[in-house]
Amino acid sequence: TIAALGVVHPARPAAKDPIHADLVFLTRLGQPWTRFTSDGLGKRSVMDATSAQFSKLAAACGVKLTGRFYTLRHVFRTIADEVGDRPAIDKIMGHSDNSMADAYRERIADERLERVSNHVREWLLKGKPANAENPSVLKFKAS
């Protein structure tokens with residue numbers, strides 16, 4: 001991951017605002033993928049380029065969405081919880097809970113992360129055979 005990010009960072013657009021210069025992932029216009037703005041009068045809004053791009057991609061692929069991009073996170077969490085490994089699921093989702101256990105946990109084994117990912121993947125692809133002609137259904141393997 002660190003090596004991949006080292007390649008991405010120099011190739012990304014320059015940050016439009018210097019406050020975002022330390023971000024790795026920026027839109028083509030140099031903005032954060034998700035921004036929160038305020039009009040100064042108490043009205044706040046969210047600019048979510050991730051959700052917008054996901055919706056465009058789905059439309060281009062002919063996929064009818066029943067929710068927005070973050071629906072995927074809700075579905076992932078719901079199905080992943082069936083594995084019963086909350087720390088591994090939280091790690092995959094980028095969550096922390098500020099508990100002492102979370103503070104003391106130094107790592108989570110790849111096998112635990114794979115178990116969660118494979119469970120969700122198997123749920124999603126149920127009934128679709130994994131084979132060489134369709135590599136998108138092969139199991140996730142941590143590298």
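The values are calculated or read from the model by the stated rules, or taken from the named source; none is laboratory data. Since this is a predicted model, take the numbers as computed values, not measurements. So basically every Cβ, Gly included, is an ideal-geometry build from the backbone, and we count neighbours across all protein chains shown. Note: accessible area is taken over every heavy atom of the protein model, side chains too, but ligands, DNA and RNA are not part of it. Shrake-Rupley method; radii C 1.70, N 1.55, O 1.52, S 1.80 Å.
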Worksheet item: In Å², what does the accessible area per residue of the chain work out to with a 1.4 Å probe?
Response: 77
Discussion item. I'd like the orientation of helix 2-11 relative to the chain: the angle between its Cα long axis and the longest Cα principal axis, in ° from 0 to 90, rounded to 10.
Written reply: 30
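If packing is taken as the mean number of other Cβ atoms within 10 Å per residue, what is the order of 84-91, 28-35, highest first? All intermediate terms of the calculation are to be shown ahead of the outcome.
Numbers: 84-91: 17.4, 28-35: 13.2.
Highest mean packing first, the order is 84-91, 28-35.
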Worksheet item: Placing +1 at every Lys and Arg Cβ and -1 at every Asp and Glu Cβ, with all other atoms neutral, what dipole size does the stretch 27-110 have around its Cα centre, in debye to the nearest 20?
Response: 520
Discussion item. Rounded to whole Å, give me the distance from the Cα center of the stretch 79-118 to that of the stretch 27-53.
Written reply: 29
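With +1 assigned to the C-beta of every Lys and Arg and -1 to the C-beta of every Asp and Glu, and no other charges, what is the dipole magnitude of the chain about the Cα centre in debye, to the nearest 20? Before the final figure, lay out the partial values.
Numbers: 22 positive and 16 negative charges, 104 e Å.
Roughly 500 debye, rounded to the nearest 20.
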Item to complete: Indicate the gyration tensor shape class of the stretch 30-109 (rounded, prolate or oblate), computed on the Cα atoms with a ≥ b ≥ c the square roots of the eigenvalues: a/c under 1.5 is rounded; otherwise a/b larger than b/c is prolate and the rest oblate.
Response: oblate
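Would you kindly give the portion of the calculated P(r) for the chain that falls above 24 Å, as a percent of all Cα pairs?
On the way: 5469 of 10153 pairs.
That fraction is 54 percent.
Going by a ≥ b ≥ c, the root eigenvalues of the Cα gyration tensor, does the stretch 1-72 fall in the rounded group (a/c under 1.5), the prolate group (a/b larger than b/c) or the oblate group?
Oblate, because a/c is 1.5 or more while a/b does not exceed b/c.
Given axes a ≥ b ≥ c from the Cα gyration tensor, I'd like to know whether the stretch 19-59 is rounded (a/c under 1.5), prolate (a/b larger than b/c) or oblate. The partial results should precede the final answer.
Working: a/c = 3.55, a/b = 1.26, b/c = 2.83.
It is oblate, given that a/c is not under 1.5 and a/b is not larger than b/c.
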Fill in: Longest segment of the chain lacking GluC sites (Glu not before Pro) that sit in a DSSP loop with at most 15 other Cβ atoms within 10 Å
1-105
